[in-house]
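A quick write-up on the structure given underneath.
The values are calculated or read from the model by the stated rules, or taken from the named source; none is laboratory data. Note that this is a predicted model, so its numbers are computed, not measured. All Cβ positions, even for glycine, are placed from backbone atoms using ideal geometry, and neighbour counts span all protein chains on display.
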Amino acid sequence: MWLSVLLQINEEGNTIKPINVVDISQAVAKLCIDANYFLDQDVLSALQKAYEEEISLTGKEIIKQIIDNADVAKKEEVPMCQDTGFAVVFVELGQDVHIEGGSLEEAINEGVRRGYTDGYLRKSIVGHPLERVNTGDNTPAVVYYKLVPGDKLKIIVAPKGGGSENMSAIKMLKPAEGVEGVKQFVLDTVLAAGPNPCPPIIVGVGIGGTFEKAALLAKESLLRAVDTPNTSPEIADLERELLISINKLGVGPQGLGGRITALAVHVDVFPAHIASLPVAVNINCHASRHKEIIL
Amino acid sequence: MLENISMTPIRLTTPVTDDIIKQLRIGQKVLINGVLYTGRDAAHAKLVALIGNGQELPIALKGQIIYYAGPSPAKPGRIIGSVGPTTSGRMDLYAPKLIALGLKGMVGKGKRSPEVIEAIKQYNSVYFAAVGGAAALISKTIKRCEVVAYPELGPEAIYRLAVEDFSVIVVNDTQGGDLYEEGIKMYAATS
């Protein structure tokens, strides 16, 4: 009994909070379903604004179809898109949390398995990139962990479709290329992507860090609500400038021509090596799916 | 030329003839009625392998339209799950062979290769775009659904869909027009 009491207290006297894997699986399953059925309000508002601003009649009608689609998906509780994505999961694990009852990663995969089965979501994962046999339950998830202070467990599920992921790109620029080089690479990537990632898109940009850090920054920036600029005024300016430039390209809704190619540009930065200027562009489709829970 | 395109849609019923296909122009809105066959990379690879071996195909392509799509599973009591277009470029290697056999149309999203665009011109076919990500809305235009080939491929099987007013836009026509090229030219800001 003494031992069990001791186990509940860490060295700083904080209480250790137990969280059971059963609750984690259940939460992940629900997040997978909700992310695929229900468009977030911030994205819906951005689409409504885009509808007003688009000058192409075809483009306007496409945006209307996208808004109507979200409405049908919500009311009938079906996926907005048939590509219900790779389950990308971001975990923020409080240092004072103790996971009980099994492996955290297995609990997440069990949640994905259940969510994709019970929610009638498409199973889009092959078990080997070259042999290409479907795993049948959309596992495994791609999971990223962050250890943070506190006794909470935050889980974000961001189902990522193939169409937009395939048009993402990364480049190791020379530091001399500077911000102009970054802007050019972002524009080149969006233009080359054209209709494929289902515009109007949300563009995630990661600048700095290492090769993989830049890619992760870009992906994480897509988790931000679309009406939320970067907290740094300089980066927020860069986001605004990039959005204006992207929406001058003419790609438009579904790439059929128009003003609204992107709903938002999100940029995140990280310190870089003296020799490096990595820049990654991760493109999200107009659904920008992600849902989170704090346990 | 795009400015003059009417937003009033043209109704088209499958199987379609060359005469009808030849009248279509980029930017036109079309409502497809009749049958669409789904097919993605895996099904295309199988069809083209059969063609290579001189064997009969499980579906008669003449006059038909293929929809590049793989539906999500149908909920109980529903005809089909959500089913929007997938990226067409992945089928570019296979498409010219099917077009040569009489395939009259393809529905998907995204740019086609020069080889596909050439085959569209040569054999009188057409490429339509449906709205990517409008999969729940699109599923409401599907009135019947059955697997006709390769059930082992799951969502990648070939489904025969009976559709009513399935909404698409002409992207590549028999005249060599390409809406992805023309649309961007028209709306790119010069400043």
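Details
- Among the residues making up the range B:47-63, a single one is in a helix (DSSP H, G or I) and surrounded by 19 or more Cβ atoms within 10 Å (Cβ to Cβ): B:LEU47.
- The single condition from (1) of a type in the set (A, V, I, L, M, F, W, C); (2) outside any loop (DSSP other than H, G, I, E, B); (3) out of contact with any Lys or Arg (no Cβ under 8 Å at 6 or more places or on another chain); (4) touching a residue at least 24 places away in the same chain (Cβ under 8 Å) that B:ILE26 fails is (2).
- Residue among B:ILE120, B:ILE142 that alone is buried (at least 24 other Cβ atoms within 10 Å of the Cβ), away from chain A (no Cβ under 11 Å) and within 16 Å of the chain's Cα centre (by Cα): B:ILE120
- Residues being among the hydroxyl-bearing types (Ser, Thr, Tyr) and touching a residue at least 60 places away in the same chain (Cβ under 8 Å) - total across the range B:81-126: 1
- Residue check for B:ALA69: closer than 30 Å to A:GLY115 by Cβ, within 11 Å of chain A (Cβ to nearest Cβ) and surrounded by fewer than 22 Cβ atoms within 10 Å (Cβ to Cβ): no
- Qualifying residue in the range A:105-125 (condition: of a type in the set (Val, Ile, Thr), surrounded by fewer than 19 Cβ atoms within 10 Å (Cβ to Cβ), part of a helix (DSSP H, G or I) and at pLDDT 95 or above): yes
- For the range A:28-45, a residue qualifies if it is touching a Pro at 6+ places or on another chain (Cβ under 8 Å) and more than 10 Å from chain B (Cβ to nearest Cβ), and the qualifying residues are A:CYS32, A:ALA35.
- Tally of residues being farther than 19 Å from A:PHE86 by Cα and either surrounded by fewer than 18 Cβ atoms within 10 Å (Cβ to Cβ) or in contact with a His (Cβ under 6 Å, 6 or more places away or on another chain) (or both) across the range A:273-295: 6
- From A:ALA50, A:ALA73, residue being assigned to a helix (DSSP H, G or I), more than 10 Å from chain B (Cβ to nearest Cβ), at pLDDT 95 or above and buried (at least 22 other Cβ atoms within 10 Å of the Cβ): A:ALA50
- Residues of the range B:165-191 satisfying the condition of being touching a strand residue (DSSP E or B) at 6+ places or on another chain (Cβ under 8 Å) and not in a loop (DSSP other than H, G, I, E, B): B:ASP165, B:PHE166, B:SER167, B:VAL168, B:ILE169, B:VAL170, B:VAL171, B:ASN172, B:ASP178, B:LEU179, B:TYR180
- The range B:99-114 - residue that is more than 14 Å from B:ILE65 (Cα to Cα) and among the small types (Gly, Ala, Ser) and, of those, farthest from the chain's Cα centre (by Cα): B:SER113
- Count of the range A:226-241 residues which are under 22 Å from A:PRO200 (Cβ atoms) and either outside the structural domain of A:ALA264 (by TED's automatic domain parsing) or in a loop (DSSP other than H, G, I, E, B) (or both): 5
- Residues located in the range B:133-164, provided they are in a strand (DSSP E or B) and either within 16 Å of B:LYS75 (Cβ to Cβ) or hydrophobic (A, V, I, L, M, F, W, C) (or both): B:ILE142, B:CYS145, B:VAL147, B:VAL148, B:ALA149, B:ILE158, B:LEU161, B:ALA162, B:VAL163
- The selection criterion, being farther than 19 Å from A:LYS30 by Cβ, of a type in the set (Ser, Thr, Tyr) and outside the structural domain of A:ALA29 (by TED's automatic domain parsing), does not hold for A:SER124.
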